[in-house]
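Student: Shown below is the structure under consideration.
Values quoted throughout were computed directly from the atomic coordinates according to the rules given, and no laboratory measurement underlies them. Because the structure is a prediction, the values reported are computed rather than measured. Ideal geometry is used to build each Cβ from the backbone, glycine not excepted, and the neighbour counts take in all protein chains shown.
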Amino acid sequence: DAGVTQSPTHLIKTRGQQVTLRCSPKSGHDTVSWYQQALGQGPQFIFQYYEEEERQRGNFPDRFSGHQFPNYSSELNVNALLLGDSALYLCASSPRTGSWLTEAFFGQGTRLTVV
Amino acid sequence: RKEVEQDPGPFNVPEGATVAFNCTYSNSASQSFFWYRQDCRKEPKLLMSVYSSGNEDGRFTAQLNRASQYISLLIRDSKLSDSATYLCVVARNAGGTSYGKLTFGQGTILTVHP
């Protein structure tokens with residue numbers, strides 16, 4: 001049973017460009033959350049999707065947007081990239097049940113470098 | 001003030017040592033508490049949940065003090081393989097149609113040496 005998979009694993013972009021990161025949740029999970037982890041920091045919540053809608057959002061600008069597809073997979077889009085967007089982007093999936101907290105699994109992340 | 005605060009360390013201890021990490025959180029409405037472990041350049045993984053009554057999992061003991069909004073993790077008989085970053089995490093169900101979010105501390109770096 002595949003866990004949470006993210007693609008690509010590494011990415012280098014230039015300031016001002018746009019990037020799309022992808023996440024496939026663990027089998028049986030329908031909720032996807034995205035986190036940004038800057039070097040030396042803990043992950044910070046970006047937003048959460050289920051039923052193809054954004055349900056909750058952290059303190060991130062509108063340059064960060066997302067999408068969830070009918071198969072529960074998700075994309076994170078970042079427009080007008082800044083140097084400060086360089087980070088590890090983590091996707092976490094969970095089941096939409098009472099045990100979502102202890103059954104949240106993270107993907108290996110996409111390391112984005114903006115130059 | 002950050003919602004979850006940890007001493008970033010690093011903690012450098014010899015094998016066999018006992019080491020304790022502390023964490024404080026500011027949102028008294030927080031409902032659930034965890035310690036995650038993150039190896040270098042890897043994803044965070046749940047180490048253990050934290051309960052007010054205290055809980056133990058082998059060499060690891062976690063404790064929650066809701067009155068002081070304080071969480072701790074104790075590692076006994078440290079192993080080389082315990083070297084990692086330990087993340088203190090709190091969560092609160094958002095209610096309605098959202099399942100809330102995990103709020104992470106900065107992480108505490110532990111290095112166990114021979």
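Student: Any chance you could count the Lys pairs in the protein assembly as shown whose alpha carbons are under 21 Å apart, treating pairs 8 or more apart or on different chains as valid?
Tutor: On the way: A:LYS26/B:LYS42; A:LYS26/B:LYS45; A:LYS26/B:LYS101; B:LYS2/B:LYS101; B:LYS42/B:LYS79; B:LYS42/B:LYS101; B:LYS45/B:LYS79; B:LYS45/B:LYS101.
Step by step, the pairs that qualify in the protein assembly as shown add up to 8.
Student: Set the Förster radius R0 to 35 Å, insert the Cβ-Cβ distance between A:ARG22 and B:ASP7 as r into 1/(1 + (r/R0)^6), and round the FRET efficiency to 0.05. It would help to have the intermediate numbers written out before the result.
Tutor: Values: r = 36 Å, r/R0 = 1.02.
The value I calculate is 0.45.
Student: Within 10 Å, at most 11 other Cβ atoms, and a DSSP state outside H, G, I, E, B define an exposed site. Report the longest part of chain B free of exposed trypsin sites (Lys or Arg not before Pro).
Tutor: Values: sites that count: B:ARG1, B:ARG41, B:LYS79.
My reading of the result: B:2-40 is the longest stretch.
Student: Where in region B:16-54 are there chymotrypsin sites (Phe, Trp or Tyr not before Pro) that are in a DSSP coil and have at most 13 other Cβ atoms within 10 angstrom of their Cβ?
Tutor: On the way: sites: B:PHE21, B:TYR25, B:PHE33, B:PHE34, B:TRP35, B:TYR36, B:TYR51; in loops: B:TYR51.
Qualifying residues, ordered by number: B:TYR51.
Student: While we're on this one: Any chance you could run the full-extension gain for B:LEU80 through B:ASN22? It's 0.36 nm times the residue separation minus the Cα-Cα distance, nm to one decimal.
Tutor: Details: separation 58, 0.36 × 58 = 20.88 nm, distance 2.08 nm.
So the chain would gain 18.8 nm between B:LEU80 and B:ASN22.
Student: Another question, then. Return the average number of partner chain Cβ atoms within 10 angstrom of each residue Cβ along peptide A:56-64.
Tutor: Details: counts 7, 2, 2, 0, 0, 0, 0, 0, 0.
Per-residue shielding by partner chains comes out at 1.
Student: Going by how many other Cβ atoms sit within 10 Å of their own, how do A:SER93, A:SER86 line up, fewest first? Spell out each step's value before the answer.
Tutor: On the way: A:SER93 28, A:SER86 17.
Ascending number of Cβ neighbours within 10 Å: A:SER86, A:SER93.
Student: Only Lys, Arg, Asp and Glu count, each charged at its Cβ (+1, +1, -1, -1), so figure out the dipole size of region B:5-114 about its Cα centre, rounded to 20 debye. Working shown, then result.
Tutor: Numbers: 10 positive and 9 negative charges, 58 e Å.
Taking the Cα centre of region B:5-114 as origin, the dipole is about 280 debye.
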